[in-house]
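Q: Shown below is the structure under consideration.
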Amino acid sequence: MASLPCHPSIYEINTAVWLTSLSQKYQTPIQLHTIPDEEITHLAQLNINAIWLMGVWERGTATRASALNYIHEYRSALPDIRPADVIGSAYAIHDYVVDPMWGGRNALAAFRRRLARHGIQLILDFVPNHVAVDHPEMTKHPDYFVLGTPELLAHDTTNFFAATGKNGIETVFAHGRDPYFPGWIDTTQWNAFSPGYRAWAITTLQEIADQCDGVRCDMAMLMLNDVFARSWGWLLQTPPPAEDFWNRVIPKVKATHPHFAFIAEAYWNLEYTLQTQGFDFTYDKTLYDRIVQGDTPGIRAHLTADINYLKKTIRFIENHDEPRAAAAIGTERSRPAATLIATLPGAVLWHDGQFTGRQVKLPVHIARQPREPEHTPLQAFYQALLEETDTDLYKHGIWTLFQCYSACATCPGAENLIAYGWRQRDEYRIIVINMANSASLGIVNMSAWSNMLRGHTWQLHDVLSHDSLEEAGVRIANEGLRVDLDAYQSHIFHLQRKHTPITQRLKTALLQGS
């Protein structure tokens with residue numbers, strides 16, 4: 001299959017929760033290969049480019065046993081939780097094989113083929129930093145992991161544990177962690193500096209690439225030499241390799257699977273570094289945080305970054321790690337936020353349940369979700385938004401950020417507005433978004449499109465409200481586009497020429513002909 005498009009719309013599904021919900025809906029056990037046709041059709045009707053099927057890999061007995069110790073913590077998300085609902089973290093992987101619970105490798109292949117018939121690609125997980133505490137490689141190649149000592153274990157059971165290593169010898173392993181937090185007790189830490197582990201990661205990713213079209217790499221920045229050295233350099237006491245982990249791994253995988261996509265979960269302002277090391281897209285957590293904080297000036301400043309950087313970011317207002325948007329920012333604020341992320345350059349990540357206004361953030365350790373009412377108007381909004389952005393214009397058009405200023409000395413709210421445009425051949429869009437809980441009146445500076453606008457009268461049709469207005473091109477080129485938006489309102493204007501003026505030469509020819 002071809003690479004992801006330039007402006008992909010990716011839809012995250014929690015595999016366990018989705019299949020459990022389908023099994024309840026159809027009153028029969030559902031696995032990946034037995035998903036009813038109408039469910040696949042529903043996914044296709046979302047106008048998405050890829051499904052990120054989160055959590056397909058096998059969870060081991062140790063992963064589930066660890067999670068059961070915390071069943072009381074999951075009750076806030078699922079009040080009637082039962083031990084059978086607890087399956088363990090999707091990010092404490094026992095082995096990179098499709099879990100038999102979901103039907104195994106052949107079931108995944110069948111699901112992928114059905115998606116492909118609708119032009120939908122498949123994204124899976126890769127967790128480079130750690131695996132479960134009972135991963136098979138621990139007994140085969142303990143040197144692929146960060147190892148401790150009995151003395152360290154005696155003083156620090158948070159970050160170290162004992163397990164069987166090679167030849168049945170008890171070995172002290174480190175738990176997976178990042179530099180700022182204690183270890184995750186259901187995980188074992190890979191050694192990012194180990195040549196053996198790097199070779200294993202390449203082989204594993206190539207096997208994953210045989211089964212899907214891309215991977216979302218969990219906490220990808222943890223594998224960078226300087227970050228890993230901050231976490232474990234004190235214990236390894238060896239210099240980092242000359243080559244960074246991703247500089248080694250990604251080219252090897254793309255050599256055998258050239259269209260395979262790499263998506264990085266990334267934080268700490270290391271997104272650009274990961275882009276330079278081969279990632280097709282990196283998380284835009286900065287934009288997410290500024291949306292949640294209501295920091296419109298910060299959002300606007302963020303969008304002045306280099307266009308090549310913006311095109312390689314993936315934006316979201318919720319995912320399995322973040323609170324549900326309907327709960328964190330509310331359904332009304334979700335609308336301008338969703339309009340923003342859907343119409344910017346780069347990728348957009350949607351989350352199963354987001355379109356219907358789900359509010360409960362689920363732990364990745366459980367397989368069932370509570371019943372929640374569906375927000376029908378929000379669902380209709382998202383359907384219109386996804387239909388609008390599923391066009392070539394947003395994938396290959398030219399994007400321009402516009403400036404906004406006050407319409408008059410006493411006019412409110414121009415500072416709350418974000419405006420930009422897309423153009424490709426004879427297609428044009430102007431997007432104006434009010435991020436504030438108050439009406440905003442402003443002028444959008446359209447000088448960047450001045451030559452295109454002049455000489456025509458334009459019909460502006462808003463696909464969100466279905467309102468239309470008519471503007472003289474020369475006026476908006478000279479004076480700007482006056483906009484008046486209610487709280488949390490957005491416009492996505494389609495521009496169409498209403499009248500093309502007759503040139504003086506044509507006028508003369510017509511007069512002579514008469």
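Values in this text are rule-based calculations from the coordinates and carry no lab data. Here the structure is a predicted model, which means the values were calculated and not measured. With ideal geometry, Cβ positions are generated from the backbone for all residues, glycine too; neighbour counts draw on all protein chains shown.
Q: If Lys and Arg each add +1 and Asp and Glu each add -1, what is the summed charge of the other residues whose beta carbon sits under 12 Å from the beta carbon of Leu78?
A: +1
Q: Provide the convex hull volume over Cα atoms per residue for the chain, in Å³.
A: Given the Cα convex hull of the chain, per-residue volume reads 184 Å³.
Q: While we're here: So, in nm, how far is label Tyr180 from label Thr149 when the simple model puts each one 7 Å beyond its Cα toward the Cβ?
A: 3.1
Q: Give, rounded to the nearest 20 debye, the magnitude of the charge dipole that the chain has about its Cα centre when Lys and Arg contribute +1 at Cβ and Asp and Glu contribute -1 at Cβ.
A: I would put it at about 1200 debye.
Q: How much length is gained on full extension from Arg117 to Thr203, taking 0.36 nm per residue of separation minus their Cα-Cα distance?
A: Length gained between Arg117 and Thr203: 28.1 nm.
Q: Say R0 is 22 Å: what FRET efficiency, to the nearest 0.05, do Asp156 and His72 get from their beta-carbon distance?
A: 0.30
Q: Let me ask something else about it. Which residues among the stretch 184-212 fall inside the zone where the amide N is under 14 Å from a point 7 Å beyond the Cα of His259, along Cα→Cβ?
A: The answer is 210-212.
Q: Have a look at Ile81, Thr304, Ile93 and report the one farthest towards the positive end of the charge dipole of the chain, computed about the Cα centre with Cβ charges (Lys/Arg +1, Asp/Glu -1).
A: Thr304
Q: Counting only Cα atoms, I'd like the Rg/Rh figure for the stretch 189-328, Kirkwood definition for Rh.
A: Taking Rg over the Kirkwood Rh, I get 1.01.
Q: Could I ask something else about it? Considering just Cα atoms, how many Å³ per residue does the convex hull of the stretch 13-138 enclose?
A: 124
Q: Describe numerically, in nm with one decimal, the distance between label points set 7 Å from Cα along Cα→Cβ at Asn451 and at Asp486.
A: Using points 7 Å along Cα→Cβ, the separation is 4.0 nm.
Q: Give me the base-10 log of I(q)/I(0) for the stretch 398-499 at each q in 0.13, 0.17, 0.18 Å⁻¹, Debye formula, one uniform scatterer per Cα, rounded to two decimals.
A: Once normalised to I(0) and log-transformed, intensities are -0.41, -0.71, -0.80.
Q: Taking the dipole about the Cα centre of the chain, with the C-beta of Lys and Arg at +1 and of Asp and Glu at -1, give me whichever of Gly330, Asn269, Leu441 is farthest to the positive side.
A: Result: Leu441.
Q: Taking every DSSP beta bridge with both residues inside the chain, roughly what % is antiparallel (nearest 5)?
A: Just about 65 percent of them are antiparallel.
Q: Taking the Cβ of Gln189 as the center, what net charge do the other residues with Cβ under 11 Å away carry, scoring Lys and Arg +1 and Asp and Glu -1?
A: Summing Lys/Arg as +1 and Asp/Glu as -1 gives 0.
Q: Taking a threshold of 25 Å on the Cα-Cα distance, which of the pairs Lys252/Lys395; Lys254/Lys311; Lys254/Lys312 fall above it?
A: Cα-Cα > 25 Å for Lys252/Lys395; rest within.
Q: Label point 7 Å out from Thr34 along Cα-to-Cβ: which residues of the stretch 1-22 have amide N under 18 Å?
A: Answer for this model: 15-22.
Q: Right, something else. Along the Cα→Cβ direction, 7 angstrom out, place labels at Lys498 and Asn308. What is the inter-label distance in nm?
A: About 4.2 nm, to one decimal.
Q: So what does log10 I(q)/I(0) come out to for the stretch 232-294 at q = 0.11, 0.17, 0.19 Å⁻¹, using the Debye formula with one equal point on every Cα and no solvent?
A: For the stretch 232-294, the Cα-only Debye profile gives -0.37, -0.74, -0.83.
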